[in-house]
1. Please give me the summed charge of the neighbours of residue 203: other residues whose Cβ is under 11 Å from its Cβ, Lys and Arg +1, Asp and Glu -1.
2. Reachable aspartates and glutamates from residue 43, Cα under 20 Å, same-chain residues fewer than 8 places away excluded?
3. Kindly identify the range 193-250 as rounded, prolate or oblate by the Cα gyration tensor criterion: order the square roots of the eigenvalues as a ≥ b ≥ c, call it rounded if a/c is under 1.5, otherwise compare a/b with b/c, prolate if a/b is larger, else oblate.
4. Please work out the FRET efficiency for the pair residue 347 and residue 96, using the Cβ-Cβ distance as r and a Förster radius of 45 Å; give the result to the nearest 0.05.
5. So what is the relative contact order for the range 279-331, in percent, with contacts set as C-alpha pairs under 8 Å and at least six apart?
6. Once R0 is set to 35 Å, what does the formula 1/(1 + (r/R0)^6) return for the Cβ-Cβ distance between residue 249 and residue 333, expressed as a FRET efficiency to the nearest 0.05?
7. At a Cα cut-off below 22 Å, give the lysines reachable from residue 134, other chains included and same-chain residues fewer than 8 away excluded.
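Values in this text are rule-based calculations from the coordinates and carry no lab data. Just so it is clear, the structure is predicted and the values come from calculations on it, not from any experiment. So basically every Cβ, Gly included, is an ideal-geometry build from the backbone, and we count neighbours across all protein chains shown.
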Amino acid sequence: MKLETMAAPYASDAARWAAVKARDGGADGLFWYAVKSTGVYCKPSCAARPALERNVTFHASRADAEAAGFRPCLRCKPDLPPLAERHGDAVERACRLIDASEAALDLDTLAQACGMSRFHFHRVFKAHTGITPKAYAAAGRAARLAQALAGATSVTDAIYAAGFGSSGRFYAGAPDRLGMLPSRYRAGGSGATIRFAIGQCTLGAILVAATEVGICAILMGDDAGQLARELQDRFPAAELVGADAGFEAAVATVVGFVEAPGIGFDLPLDVRGTVFQQRVWEALRQVPSGSTVSYAELAARIGLPSGARAVAGACAANPVAVAIPCHRVVRNDGALSGYRWGVERKRALLARESTPPPGSDHD
């Protein structure tokens, strides 16, 4: 069957047959091929063993192939959306189930709801979100706990309201979730100690703060006093300890990373946010130095292709400049957009990442 219209480079049957033999994924959606001996039609990228060329016909659409009497291949499923899109929909469905459930859902339940085996579902979920289903659920419970602690009559009530099956299970991992004891968190950080220091780098003033767990704030600006006030507003009841000599090494590491982002950031973090914010921040940490990603692309990576606006909001809420590299997110046209610490700082950071550090193989 000859096609009357077909965009290059698949304008001829010879080119289409070459694409089929090469299992060319770039041809998917541009044409479909059918096999007369089996009665099925496939995408060009189908992994099935190629048929004989004399048994193959080409079709401009799925509807044409089905009108000719062919049925969809069970292997490549040409009648379904692309695999990445199906996986994204499945991950989004799983996230909604986790968010809506008061009790913890086991891996088998989530996998069954998404029509996958437990091992395949686990791989797909982590590939799309950057975290495991268990970590996603834990982040959700931690976010609910943060809200519940503020209004609960007791810490125990808040623990159960947030979805933890027992207080023992919660307390076993409480420092990792909160960065401070739950009773202190409920009191706005009262009794917790946060060390901080303010220094100077080529982008202006920089404040670095940390709990016992890890870095909880990296702020940049023109006014050192304003940065200190912002930290105080963020942790109003915590004990803020400044000018701690033992903290200087961490500050120097952060400043060094700002000056040369290509060296990598390996200090532990202690950041809190909603479940969605945590997903966005984790995906941001997977964007390599020297690369950029659009808000739409980042939304697609976490399985929410229509969530670009929400992704932008999560970037704006990032409390640790450069460590969670929201400066690597640009508009769809590649232009720089708003940045919490100023567009010029964003431009400077991207320029530094595009320049190989001294001593690299690119010198």
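1. After counting each charged neighbour, the total is +1.
2. Result set, ordered by chain and number: 4, 13, 24, 28, 53, 64, 66, 79, 85.
3. The shape class here is oblate.
4. Efficiency computed from Cβ-Cβ geometry: 0.75.
5. Rounded, it is 47 percent for the range 279-331.
6. Here the calculated transfer efficiency is 0.30.
7. Partners within reach: 126.
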